[in-house]
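The values are calculated or read from the model by the stated rules, or taken from the named source; none is laboratory data. Please read these numbers as outputs of a predicted model, since none were measured by experiment. Cβ coordinates were reconstructed from backbone atoms using ideal geometry, including for glycine residues, and neighbour counts include every protein chain displayed. What goes into the accessible areas is simple: the full protein's heavy atoms, side chains included, and nothing from ligands, DNA or RNA. Shrake-Rupley method; radii C 1.70, N 1.55, O 1.52, S 1.80 Å.
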Amino acid sequence: MMGRKSGLVAISIRWLSVTASLLMVQSPRYSVDAFTSSRTHRRLFGLRLQPGERSVDCGCSRKSPRALFSSIADNDIGVTRSLPSELYNKLASRHHHIAKQISHPDSFIRPTEEWFHIYLSLSRSEKKRMYARLPNGISCIRRLGRHRLHEWLAFFLSDMVGLDHDQLRKMIVSRPQLLSYKLSNVQSTTAYFREELGLPSNEFASLLQAYPSVLMYSIDKRLRPTVDFLQNECGGGKDNWVSWERVYTLYPRVFSYSPEKTLHPKVNFLCNGDDGKSLGLNRSELSQVVAKFPPTLWLSEENLQSKLNFLSESLNLDGSELRSIIVSYPQILGLSLQNNLRHNMDFFLDASVQVVDPATLLLSGDKSQKKTNGPINCGLSRNQLKEFVIYQPALLAYSLENRLKPRISRMQEKNIFFYYCPKNL
């Protein structure tokens, strides 16, 4: 029986030593943190319940483990008063520096969630956002425990991942579900990106900031098949197309789409031109489109088809002309049909557009006053606009108010007809 008690005392000292040592590195204020579970609290302080007993005697009062922890957390009972004398003397003989620090008047037992908040320097608004995304967040943090959380956080701050403290805080606030994910799985995913794909730590840290949920995907069922798809289906092999790395580093959300259900069907839609509706891209053209605008792979077919039909019908484009526009500027497929494409095209085809004269507004000093300088003779024919768009497809993406109208107004002042201006306006 005495051997068993000695073992419990040794275990308790070991737990307390690890806890206090970790805290000395992390906080300038000496304190001892403990888990919130009553079992761990009893284990930490060497307290045992006898059969049928529902409370423990800590030497100063008789309380239930939860009530005892609550009172200690409120700093009502000092740490040294809560420790059995035998345990404290044993600790002082082996680790006198730790015993001296925990006997400090400011020492107290801190709940795990409070330690977690202080460790990450979470503000009140960040706590609110984090717990809104993580139901039962406090109970989850208590269940995980301080030791497991510390290992998890320390790994992300290590050189293997490369996150700094602010980046780690933002990542956890945006995706707190990661806390309950197994550290071994996170380490395996990190090794896949860092070692197998050769991703530098700074790029991997940026990837996690943009899309931290990538850590929750299976390597064999999602990550590796997606990378293989980018290498082989879009680029013709790892060595033949280096832009596949740019796709998943700048757009890591590509891993959220199934290769079988979304990515492969989209490639078939873009490359198969036998039905008269698709673009009929070859492998080289597909590589250019995906490298310039990766979201092409996950935009819906209805979305893409409506814009292709609009461009083809509005500008009388044949298949090769439409394909040339998409290959040179695939970002046009990401524009809004109503707010960008149709709006800009109506502007170029309208011969009586009224615009604000920027020089007049500057001289008047009243930016809210809108004066017109007469209609802009911007009424291009469809064939003329077609020439512009084939040469510079981004023309349909430029802002009317901030770029096109001020420049066309200035040309009108110089009696320059829009059709004769440089096509890279």
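Could you check how many residues of segment 310-330 are without any contact (Cβ under 8 Å) to a residue 12 or more places away in the chain, part of a helix (DSSP H, G or I) and open to solvent by 50 Å² or more (accessible area, probe 1.4 Å)? Spell out the reasoning first.
Within segment 310-330, the first condition is being without any contact (Cβ under 8 Å) to a residue 12 or more places away in the chain, and the residues that meet it are 312-313, 318, 320.
Checking which are part of a helix (DSSP H, G or I) leaves us with 312-313, 320.
Now restrict to residues that are open to solvent by 50 Å² or more (accessible area, probe 1.4 Å): 313, 320.
The qualifying residues number 2.
Kindly indicate which of 369, 392, 305 is at pLDDT below 85 and of a type in the set (S, T, N, Q).
369
Please specify each residue of segment 152-182 satisfying the condition of being over 24 Å from residue 128 (Cα atoms) and open to solvent by 40 Å² or more (accessible area, probe 1.4 Å). Please lay out each step first, then the result.
Filtering segment 152-182 for residues over 24 Å from residue 128 (Cα atoms) gives 155, 158-162, 182.
If the condition is that a residue be over 24 Å from residue 128 (Cα atoms) and open to solvent by 40 Å² or more (accessible area, probe 1.4 Å), then 159, 160, 182 are the ones that fit.
Applying the selection to segment 285-302, what residues are open to solvent by 50 Å² or more (accessible area, probe 1.4 Å) and either of a type in the set (D, E, K, R) or farther than 12 Å from residue 328 by Cα (or both)? Let's see the steps before the verdict.
Of the residues in segment 285-302, the ones open to solvent by 50 Å² or more (accessible area, probe 1.4 Å) are 288, 292, 300-302.
Result: 292, 300, 301, 302.
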